[in-house]
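Trainee: Next up is a structure, given as structure tokens.
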Amino acid sequence: MAYSSETARRAFLRSCAAAAAGLVTSGPLAERLLAATVPLVDPEDPEVPNEEVARILKRVSGGRPIRRGHVSLDMPLVAEDGRVVPVIIETDLPMTAEQYVKAVHLIVDHNPDAHLAAFYLTPALGKVSISTRIKMKRTTWVRAILETSSGDVWAGYSRVLVSLNGCG
Amino acid sequence: MMTLKIGEARIKVPDRINRGDLITVNSIVSHPMDTGFFRDAEGDTIPAYFIKQVVVTYGGAEVARFEWTSGVSRDPVVSFTLKAEREAPLTMVWTDNKGAAFKQSVNISFAST
């Protein structure tokens, strides 16, 4: 899969930030370095998927492009207890017999079971508004991937800071 | 929910429903949702024990199906919308990874006015 130059640039900047953070393990200098590098990375951009997440994304999308939009993944910015993290997934996509959302996949990048849940839906629901509570191991991106009856794949992302590991 | 025994479930729908309403269905089932990563006080692994599937039927027709892992929190809650188009039972069946199935139903009936 070919990355756009923009994606490659972001990945490179991110690895720079990680390297800088790794060189200096603690102290105010590390904070200054991090503060200096973080603004270069789009805070709305999910991290480049790791091997397992990439495999899950490929499976749920069937290789079709995953576009960002139409999905609202509402999660707290900070989850103090990783054992109970609320999730609300909504979309403005139609839910009619002709055109509907047939699946919603919830993926938590750094969890032991990254493909946390799948919700298979029908037009009888009238709307997509699913809420539940999940466990999170550590600070990471969460992805909600929607598949429509016409084969489009839409995604919404959310980054959650986890204070207490909820996975053991 | 802690005092309930495993598999006890509740489904909540609005008290007053009119035909065609988009209603919110709230559900909860009592289950430990053990991941298999934790150990007990003796140091023995607590085996994975979780709800892996939820099937929702409305008037006998399957309207939704959820596939879960142990990543869903203890005593799983899930809420979703439903288009109340006919008076019929709404049934949910939670099945865990040991094969036990837990069932709960509510009747969707319309306000008489």
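The values are calculated or read from the model by the stated rules, or taken from the named source; none is laboratory data. Owing to the predicted nature of the structure, the values given are computational and were not obtained by experimental measurement. All Cβ positions, glycine included, derive from the backbone under ideal geometry; neighbour counts span all protein chains shown. For the accessible areas, the whole protein counts, side chains as well, though only heavy atoms, and no ligand, DNA or RNA atoms are used. Shrake-Rupley method; radii C 1.70, N 1.55, O 1.52, S 1.80 Å.
Yes/no per residue for (1) buried (at least 24 other Cβ atoms within 10 Å of the Cβ); (2) closer than 17 Å to residue A:154 by Cβ; (3) within 7 Å of chain B (Cβ to nearest Cβ):
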residue: A:93; (1), (2), (3): no, yes, no
residue: A:97; (1), (2), (3): no, no, no
residue: A:103; (1), (2), (3): no, yes, no
residue: A:113; (1), (2), (3): no, no, yes
residue: A:126; (1), (2), (3): no, no, yes
residue: A:129; (1), (2), (3): no, yes, yes
residue: A:139; (1), (2), (3): no, no, no
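Trainee: Out of (1) within 13 Å of another protein chain (Cβ to nearest Cβ); (2) touching a Pro at 6+ places or on another chain (Cβ under 8 Å), what's the single condition that is false for residue B:72?
Mentor: With respect to (1) within 13 Å of another protein chain (Cβ to nearest Cβ); (2) touching a Pro at 6+ places or on another chain (Cβ under 8 Å), residue B:72 is out only on (2).
Trainee: Can I ask one more? Answer with yes or no whether residue B:37 is touching a Gly at 6+ places or on another chain (Cβ under 6 Å) and touching a residue at least 60 places away in the same chain (Cβ under 8 Å).
Mentor: Criteria not met by residue B:37.
Trainee: Kindly indicate which of A:72, A:149, A:163, A:129 is at pLDDT below 95 and among the hydroxyl-bearing types (Ser, Thr, Tyr). Outline the logic, then answer.
Mentor: Details: A:72 fails: at pLDDT below 95; A:149 fails: at pLDDT below 95; A:129 fails: at pLDDT below 95.
Criteria check complete, one pass: A:163.
Per-residue answers, yes or no, for (1) open to solvent by less than 40 Å² (accessible area, probe 1.4 Å); (2) at pLDDT below 95; (3) under 26 Å from residue A:154 (Cα atoms); (4) of a type in the set (Gly, Ala, Ser):
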residue: A:27; (1), (2), (3), (4): yes, yes, no, yes
residue: A:30; (1), (2), (3), (4): yes, yes, no, yes
residue: A:34; (1), (2), (3), (4): no, yes, no, no
residue: A:85; (1), (2), (3), (4): yes, no, yes, no
residue: A:100; (1), (2), (3), (4): no, no, yes, no
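Trainee: A further question follows. Considering only region A:65-79, how many residues are open to solvent by 60 Å² or more (accessible area, probe 1.4 Å) and away from every other protein chain (no Cβ under 14 Å)? Even if it seems obvious, please write down each step before you answer.
Mentor: Restricting attention to region A:65-79, the residues satisfying the condition of being open to solvent by 60 Å² or more (accessible area, probe 1.4 Å) are A:65, A:67-68, A:70, A:74, A:77-78.
In the following step, the residues that additionally are away from every other protein chain (no Cβ under 14 Å) were identified as A:65, A:67-68, A:70, A:77-78.
Within region A:65-79, residues that are open to solvent by 60 Å² or more (accessible area, probe 1.4 Å) and away from every other protein chain (no Cβ under 14 Å) number 6.
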